[in-house]
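**Q** Take this structure first; my questions come after.
The values are calculated or read from the model by the stated rules, or taken from the named source; none is laboratory data. Source: prediction; values computed, not measured. Every residue, glycine as well, gets a Cβ built from its backbone with ideal geometry; the counts of neighbours run over all protein chains shown.
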Ligand SMILES: NC(=O)c1ccc[n+]([C@@H]2O[C@H](COP(=O)([O-])OP(=O)(O)OC[C@H]3O[C@@H](n4cnc5c(N)ncnc54)[C@H](O)[C@@H]3O)[C@@H](O)[C@H]2O)c1
């Protein structure tokens, strides 16, 4: 009897997914990835020779995508992490409501229906703190805070959360993580995420243009984000069933000015320009409470934004990412603030 656990990751070729896959394989799990490779599949190349890795190129919107991917010679998945989506408000804005809904809401509906039918015991949905939209100034936003989406992207993520909440089926433990802004490097780097983009622009242009300078955002290193998701896979069912967790870092609530200060420490020759313009953004000023995930799952973040800035600068200065400006490192050609 093979007791090796098996997890299925949608969007496993993406920024978060490819890091998560590497970590799950390193821990000795079997991993199936479903991805349609919107940004290519180089991020998965190093896993192909691993006998515990299985890749299926598919659009998870297809109503039978999950059922068709199940391997008869492997144990059924012990859990799914659903990451596949058009990630970020610029990408959703670029394609419009109908397409964004197809990728971000209908795909979740189809996948969740199949997961229930296949009796997969756990379904983790990766949502976003963008769903809160506008925080009460100074107050840490908790999971109980009413949602107030300010973008099409956040609207799709709120609607997707409802898919899981409305099921009423207790045979599957559905868990939602509202993830803060992730920074750092992965096999599929992204340079359209706020910290990553700031570091790259400051390095390349020796200047940075900052909108809404005093606004707080909440950040988490990719290593901590992935550790939190794995805790969600491993936690006892009654700890996570039907639960929503903010997934952020203890040191992660920073204003844009504070992020800029950290960048200036390493790139002091950068000139900073400010504009007060608010332009169709995702969120207002927001800080996040992570008390629940600390209390219930014992989550503790390890990395700081300063660590991430150092890693990003190393990668760029050493030429490990040849051209961070390349469009394959961003989900839509759009300046993200
Ligand atoms: N990166 C962040 O800061 C952040 C923050 C909060 C939430 N999230 C959420 O985490 C998830 C992953 O984000 P990411 O930064 O890794 O994005 P990403 O764009 O790097 O990865 C998404 C992956 O999903 C795949 N995909 C998209 N639609 C698909 C479909 N219909 N069928 C199959 N594959 C599909 C893409 O090919 C890509 O490989 C998203 O759901 C996003 O909303 C990300």
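**Q** Taking the stated definitions as given, is residue 234 at pLDDT 95 or above, more than 15 Å from the ligand (Cβ to nearest atom) and farther than 27 Å from residue 261 by Cα?
**A** The answer is yes for residue 234.
**Q** Go through segment 209-231 residue by residue and tally those that are closer than 27 Å to residue 188 by Cβ and at pLDDT below 95. Even if it seems obvious, please write down each step before you answer.
**A** Of segment 209-231, the ones closer than 27 Å to residue 188 by Cβ are 209-211, 217-231.
If we keep only those that are at pLDDT below 95 too, we end up with 209-211, 217.
Summing the residues that are closer than 27 Å to residue 188 by Cβ and at pLDDT below 95 in segment 209-231 gives 4.
**Q** Considering 306, 285, which residue is closer than 18 Å to residue 141 by Cα and surrounded by fewer than 19 Cβ atoms within 10 Å (Cβ to Cβ)?
**A** Testing whether each residue is closer than 18 Å to residue 141 by Cα and surrounded by fewer than 19 Cβ atoms within 10 Å (Cβ to Cβ) leaves just 285.
**Q** Considering only segment 8-58, how many residues are in contact with a strand residue (DSSP E or B) (Cβ under 6 Å, 6 or more places away or on another chain), away from the ligand (no atom under 14 Å from the Cβ), over 21 Å from residue 184 (Cβ atoms) and free of Cβ contacts under 8 Å to residues at least 40 places away in the same chain?
**A** Qualifying residue count for the region: 3.
**Q** Moving to a separate point now. Collect the residues in segment 309-337 that are surrounded by 11 or more Cβ atoms within 10 Å (Cβ to Cβ), part of a helix (DSSP H, G or I) and touching a residue at least 40 places away in the same chain (Cβ under 8 Å), keeping them in residue-number order.
**A** Within segment 309-337, 309, 310, 311, 312, 313, 315, 316, 328, 329 qualify.
**Q** State yes or no: is residue 225 touching a residue at least 24 places away in the same chain (Cβ under 8 Å) and in the same structural domain as residue 173 (by TED's automatic domain parsing)?
**A** Working: touching a residue at least 24 places away in the same chain (Cβ under 8 Å): yes; in the same structural domain as residue 173 (by TED's automatic domain parsing): yes.
Yes, satisfied.
**Q** Okay, moving on. With respect to the numbered conditions (1) buried (at least 19 other Cβ atoms within 10 Å of the Cβ); (2) modelled with pLDDT of 95 or more; (3) part of a loop (DSSP other than H, G, I, E, B), which one is the sole condition not fulfilled by residue 192?
**A** Going through the list (1) buried (at least 19 other Cβ atoms within 10 Å of the Cβ); (2) modelled with pLDDT of 95 or more; (3) part of a loop (DSSP other than H, G, I, E, B), residue 192 breaks only (2).
**Q** Okay, next question. Which of the following residues is out of contact with any strand residue (DSSP E or B) (no Cβ under 7 Å at 6 or more places or on another chain) and within 15 Å of the ligand (Cβ to nearest atom): 141, 158?
**A** None of the other options fit; the residue is 158.
**Q** Collect the residues in segment 232-250 that are crowded, with 16+ Cβ neighbours inside 10 Å and within 25 Å of residue 312 (Cβ to Cβ), keeping them in residue-number order.
**A** 246, 247, 248, 249
**Q** Further question on the same structure: Which of (1) within 14 Å of the ligand (Cβ to nearest atom); (2) at pLDDT below 95; (3) surrounded by fewer than 24 Cβ atoms within 10 Å (Cβ to Cβ) is the odd one out, the single condition residue 92 does not satisfy?
**A** It is condition (3) that residue 92 fails.
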